[in-house]
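Working notes, structure below.
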Amino acid sequence: MQKNWAVAMAASTLFISFNVFAEDGNWMMRVRAVNVLWGNNSGPVAALAVPSGAIKASNETIPEVDISYFFTRNLAAELILTYPQKHNVRVTQSAAGAFDAGSLKELPPTLTLQYHFMPDAQFRPYVGAGINFTRFSSVNLAPLDAITGSPNSVDNTSIGPTLQVGFDYKIGTNSYINLDLKKVYLRTDLNNSALGKLSHLKLDPALLAIGYGFRF
């Protein structure tokens, strides 16, 4: 009886080990919840009494889907996708104080090249670097100038580098828990139809994400 129990335990252990460390395919898909933390470093608008750092986009939690292809066991490319995300904008003026200045949407597809340090382990850390392309849309920003009342806008697109660090933790056959952190260098200008360029915005968000991945 004890011998049969020992054989059963050994078979179960072998089965679990096989499922956890089974051979992976070249493709991987992840779904993530991403906390967008904006850098919000804006230049001053002296004519409108807006100090440095006073133009701020709201932090949000957004959904994300990414697709990776492994060229080798260590080297992979990751394409990060979502749909246009809405962010509120708040401005502080020296005299008027802080007020809601409207909103805009941004679509930020990103492509990174990653190096995976321990591709056969259960814990699989990686680093990456790549490029971000952000397109702004549905820009609805209230005038900052009470005299002209002229509408504001931002440049439609931003292209900048992206840095990435994270890990996958294997929990079953081709299944992973993922934790990921990216720094995106995202810049645009705030413009006014009457006054021209008002401020240069260094939005530079940090993207902290947790998700589930499936490799096939």
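The values are calculated or read from the model by the stated rules, or taken from the named source; none is laboratory data. This structure is a prediction, so every number in the text was calculated from the model and none was measured. Backbone-built Cβ (ideal geometry, glycine too); neighbour counts: all protein chains shown.
The table below gives the values:
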{"quantity": "Enumeration of residues in region 2-39 that are modelled with pLDDT under 90 and either in a loop (DSSP other than H, G, I, E, B) or of a type in the set (S, T, N, Q) (or both)", "calculated": "GLN2, ASN4, SER12, THR13, SER17, ASN19, PHE21, ALA22, GLU23, ASP24"}
{"quantity": "Looking only at region 202-216, and only at residues there that are assigned to a loop (DSSP other than H, G, I, E, B) and closer than 20 Å to ASP66 by Cα, the one that is farthest from the chain's Cα centre (by Cα)", "calculated": "PHE216"}
{"quantity": "Residue within region 139-152 that is surrounded by fewer than 19 Cβ atoms within 10 Å (Cβ to Cβ), of a type in the set (S, T, N, Q), at pLDDT 95 or above and in a loop (DSSP other than H, G, I, E, B) present", "calculated": "no"}
{"quantity": "Filtered residue count, region 164-201, keeping only those that are surrounded by 17 or more Cβ atoms within 10 Å (Cβ to Cβ), of a type in the set (Lys, Arg) and either more than 16 Å from the chain's Cα centre (by Cα) or not in a strand (DSSP E or B) (or both)", "calculated": "1"}
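Residue by residue, here is whether (1) assigned to a strand (DSSP E or B); (2) of a type in the set (Lys, Arg) holds:
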position	(1), (2)
SER52	no, no
GLU64	yes, no
ILE80	yes, no
HIS87	yes, no
ARG90	yes, yes
ALA101	yes, no
